[in-house]
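Take a look at the structure below.
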Amino acid sequence: MPPAWLAPLACPDAAERGFTGVLHTFSEHDLAHYRQQMARIIAASHDVGLQVQLSPWGLGHVFGGEADSRWVADNPRQCQVLGGTTPVSAACPSNPGFRDFVRAWADAAVDAGADRIFWDEPAWARPETVGLPAHAAACGCASCRAAFAHRFAASMPARLTDEVAAFRRTVLTEFIQELVAHVAARGVASTVCLLPPVGDDGADDAPGVGDWAAIAATPGVDALATAPYWKVFDQPPAQFVGAAAARVRDAAHAHGARAQLWQQGFGFGPDELPDFRTAVRAGRDAGVDELWVWGYEAGGHMSSLGTREPEVVWEAVCDAVTR
Ligand SMILES: [Zn+2]
């Protein structure tokens with residue numbers, strides 16, 4: 001019999017509602033203080049029949065998630081340096097120390113019993129967060145400067161040139177491929193969730209991994225995912241979700257991976273449920289293999305997500321997603 005505190009964390013009613021899987025978050029704080037408890041939570045989810053994905057929640061502020069990063073605070077000289085001079089609170093994916101840390105996290109995630117590791121929206125820091133212009137999106141840390149010089153036989157520019165953009169995509173892609181291989185060697189598959197294309201021209205979001213095909217083709221990638229949250233990105237639900245769903249379907253299926261689509265189930269109220277249902281329909285119509293929704297109970301426990309009347313929204317979300 002699990003302790004009383006543990007049972008709700010395993011999302012025990014999700015299976016009864018018709019869900020077949022759950023994504024648990026596993027932050028730096030969890031890794032430091034709740035490693036064995038995470039394994040118990042996953043076991044409890046397995047006991048009620050749920051498959052478990054585990055995500056590096058906010059790790060190094062490189063992966064998605066609202067959790068803060070102690071690693072960043074403890075390793076200021078291994079973080080990104082934007083525009084040539086401005087250090088930011090985000091680890092650099094070029095940095096060997098950060099790569100070691102994420103591999104250690106991955107080992108803990110495998111040990112905890114996850115069915116799939118969910119590499120959530122790996123991305124470079126945005127210059128806007130420290131008041132810099134968009135063209136300052138070039139990391140000038142020692143690791144990036146050395147890697148750029150090796151690749152291009154030139155000094156790393158302090159601004160976003162075509163070469164720097166290509167370098168950023170390559171670094172993130174190889175970083176994720178290395179992690180996928182690391183957990184695959186231990187017998188665990190990966191889902192890689194990439195930022196949805198945004199902007200008027202539908203171009204790739206520059207901070208993220210641009211090469212969907214390369215990720216989908218990576219051995220050990222079971223599913224390619226994306227999370228086109230229409231309200232977050234202020235986009236029309238039918239077109240935005242439909243386009244992202246088609247893109248993830250095409251990229252995944254071209255390389256034998258599953259297409260996993262995330263729906264926004266938070267940040268709105270009952271009056272916007274028609275938009276939510278439109279988004280779900282667009283995802284289904286695109287023929288993705290897996291439909292997931294964030295988050296449990298419409299994220300009603302989390303003030304910053306801004307869900308109004310979460311109990312009402314959650315009932316409708318479950319009805320739309322699990323039918
Ligand atoms: Zn760097």
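The values are calculated or read from the model by the stated rules, or taken from the named source; none is laboratory data. It should be emphasised that the depicted structure is a prediction, and the values quoted were computed from it without experimental measurement. Here Cβ is always computed from backbone atoms with ideal geometry, including for glycine, and neighbour counts include all displayed protein chains. Quick note on the areas: whole protein, heavy atoms, side chains included, nothing else; ligands and nucleic acids left out. Shrake-Rupley method; radii C 1.70, N 1.55, O 1.52, S 1.80 Å.
Quick notes on this structure:
- What the phi angles of segment 4-9 give under the Karplus curve with 6.51, -1.76 and 1.60, with θ = phi - 60°, is a coupling list of 4, 5, 7, 3, x, 5 Hz, glycine and proline written as x.
- For Phe118, distant residues with modelled amide H under 5 Å away: Leu54, Ser55, Thr191
- Radius 15 Å from Cβ of Ala7, net charge of other residues (Lys, Arg +1; Asp, Glu -1): -3
- Applying 0.36 nm per residue to the separation of Glu311 and Leu6 and subtracting their alpha-carbon distance, the gain on full extension is 107.7 nm.
- Across segment 181-187, coupling constants 3J(HN,Hα) worked out from phi with the 6.51/-1.76/1.60 Karplus curve, θ = phi - 60°, read 5, 5, 6, 4, 5, 9, x Hz, and Gly and Pro carry x.
- Once the Cα-Cα distance is subtracted from the 0.36 nm per residue extended length, the Arg35 to His135 segment shows a gain of 32.0 nm.
- The three principal axes of the Cα atoms in segment 193-299 give end-to-end lengths of 42, 27, 23 Å, sorted in falling order.
- Electrostatic tally near Arg35: other residues with Cβ closer than 13 Å to its Cβ, Lys and Arg +1, Asp and Glu -1, net -3.
- Full extension of the chain between Ala73 and Thr161 gives 28.8 nm of extra length, using 0.36 nm per residue less the Cα-Cα distance.
- Put simply, the amide H of Gly265, placed in the peptide plane, has neighbours under 5 Å in Trp294, Gly295, leaving out anything fewer than 5 places away on its chain.
- Measuring nothing but how far apart in sequence close Cα pairs (under 8 Å, 6+ apart) lie, relative to its length, segment 18-133 scores a relative contact order of 29 percent.
- Folded to 0 to 90 degrees: helix 35-47 orientation relative to the chain principal axis, Cα: 40 degrees
- Taking the three principal axes of the alpha carbon atoms in the chain, the coordinate ranges are 58, 45, 38 Å, sorted in descending order.
- Arg258 long-range amide H proximity, modeled H, under 5 Å: Ala223, Leu224
- Surface composition of segment 1-190: carbon and sulfur atoms hold 53% of the protein heavy-atom accessible area at a 1.4 Å probe.
- Applying the Karplus relation 6.51 cos²θ - 1.76 cosθ + 1.60 with θ = phi - 60° to segment 168-176 yields 3J(HN,Hα) values of 4, 5, 5, 4, 5, 4, 5, 4, 5 Hz, where x marks Gly and Pro.
- Segment 3-115 - accessible surface per residue (Å², probe 1.4 Å): 43 Å²
- Relative pair counts by distance (%), Cα atoms of segment 115-156, 10 Å bins: 24, 33, 32, 10, 1
- The chain, relative contact order in percent, only Cα pairs under 8 angstrom and at least six apart counted: 12 percent
- Other residues with beta-carbon under 11 Å from the beta-carbon of Ala298 carry, at +1 per Lys or Arg and -1 per Asp or Glu, a net charge of -3.
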